[in-house]
Structure formats: C-alpha cells, structure tokens
1. Is there any pair linking a residue in the range 67-81 that is over 15 Å from PHE21 (Cα atoms) to one that is part of a strand (DSSP E or B) and at pLDDT below 90, with Cβ under 6 Å and at least six apart or on different chains, and which?
2. Among the numbered criteria (1) in contact with a Ser or Thr (Cβ under 9 Å, 6 or more places away or on another chain); (2) surrounded by fewer than 12 Cβ atoms within 10 Å (Cβ to Cβ); (3) in contact (Cβ under 8 Å) with a residue 40 or more places away in the chain, which single criterion is violated by ASP56?
3. Being within 17 Å of PHE76 (Cα to Cα), of a type in the set (D, E, K, R) and either outside any strand (DSSP E or B) or open to solvent by less than 80 Å² (accessible area, probe 1.4 Å) (or both) is the filter here; which residues of the range 19-44 pass it?
Amino acid sequence: MTGNYTSPVAIPQGERIAVYFVDMGFQQKIMKGQGRLGLAVTDIFNTQKSGFRTSDTNFEFSRIFKIDTRAVMLTFGYTFKSTFKENLMENRFKNE
C-alpha cells in the first residue's frame, strides 16, 4: 500500500491545491515459486485531482480538474531458472 500527499503550493496570485491518493497492490508466488501473479489498484479512493485557486482584488478564479486515475492492473511474471543466479543469491562461488 502506498500513499502520496503533496501539500498546496503558493503561486504568485494564489495556490495550487493539495494532491493526494492511495494505491494498493498484492503479489502471490505461484508455480513452485517460478511465477508471480499480481494485482494492483491505483487511486483506490478516487481522490487524485489537481488544480489551482487564484484571486486578486478584482477577481477570484478556481480551476480543479479530475482525470480518470483509478485503474486495476493484473500482472504475471515468470523467472527462468539459472544456476548463475542461484549461485549468486546463495553466495556459493569459490574463492579462487
């Protein structure tokens, strides 16, 4: 689970609004550890938006826009066996 928050930022005549969202993902090993199946959801609370508010003595202007940020992703990964990689991970090299 990942959360992101960017505070409001001052600009010459106002501020950019705060941006915040939460992503979540899960991964499970399958196929005797050779494969991985993953599921990730971005912006699970559908809160990510951006925009700004500006004002002066003669006007006030606010622009906030929201694009489609929520997505569901299904991933699959497979690791091919390699004796070099296994030796590297287990530190089984000879000191010669």
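1. TYR78/GLY35
2. (1)
3. So in the range 19-44, the residues within 17 Å of PHE76 (Cα to Cα) come out as 24-41.
Add one more test, that the residue is of a type in the set (D, E, K, R), and what stays is 29, 32, 36.
Listed by number, the residues that qualify are LYS32, ARG36.
The values are calculated or read from the model by the stated rules, or taken from the named source; none is laboratory data. Note that the structure is predicted; figures quoted are calculated from it, not measured. We place every Cβ from the backbone using ideal geometry, glycine too, and count neighbours over all the protein chains shown. SASA here: full protein model, heavy atoms, side chains in, ligands and nucleic acids out. Shrake-Rupley method; radii C 1.70, N 1.55, O 1.52, S 1.80 Å.
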